[in-house]
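Visitor: Take a look at this one; I'll ask things after.
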Amino acid sequence: MEKIDKFRLHKSEVLICTDVASRGLDIPKVDLVIHYHIPKDIDTFIHRCGRTARLGRTGKSIIISDGDDCSRLKKYKQDLEDSKTAKIKNQSN
């Protein structure tokens, strides 16, 4: 936890971690998430990206992938678009 504490206190600017950091850790003011590989499920992907969107903040997420990740990325994109469309339809009813 020493490394996490340093990151929280802005004594470290880069934190490299596993999916453990996508949930349960309160790390404020994360501006950028770099995905070295794409998670196997969309919930983990969303939680990773969400590290930048805490308390209404915005941020960026960069994906480094290879050909094996392309179909998963396309599916995630479609799932997110479908989810957004469904949410808009539900709000208008």
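Visitor: Between Lys60 and Asp26, what length in nm is gained on full extension when 0.36 nm per residue of separation is reduced by their alpha carbon distance?
Guide: In short, 10.5 nm is gained.
Visitor: Past 18 Å, Cα to Cα, is the threshold; run Lys29/Lys60; Lys3/Lys29; Lys29/Lys84; Lys6/Lys60 against it and keep the listed order.
Guide: Table pairs above 18 Å Cα-Cα are Lys29/Lys84; Lys6/Lys60.
Visitor: Which lysines does Lys40 reach when only Cα atoms under 17 Å apart count, and residues fewer than 8 places away in its own chain are ignored?
Guide: Partners found: Lys74, Lys75, Lys77.
Visitor: Between Asp41 and Arg8, take the C-beta separation as r, use R0 = 30 Å, and let me know the FRET efficiency to the nearest 0.05.
Guide: 0.65
Visitor: Let me ask something else about it. Please work out the Cα convex hull volume for the range 23-71 and give it in Å³ per residue.
Guide: Here the figure is 80 Å³ per residue.
Visitor: Hey, can you grab everything whose amide H is under 5 Å from the amide H of Ser61? Only 5+ residues off in sequence or another chain; H modelled, so Pro and N-termini drop out.
Guide: Val33
Values quoted throughout were computed directly from the atomic coordinates according to the rules given, and no laboratory measurement underlies them. Computed from a prediction, not measured in an experiment: that's the story for all the values here. Here Cβ is always computed from backbone atoms with ideal geometry, including for glycine, and neighbour counts include all displayed protein chains.
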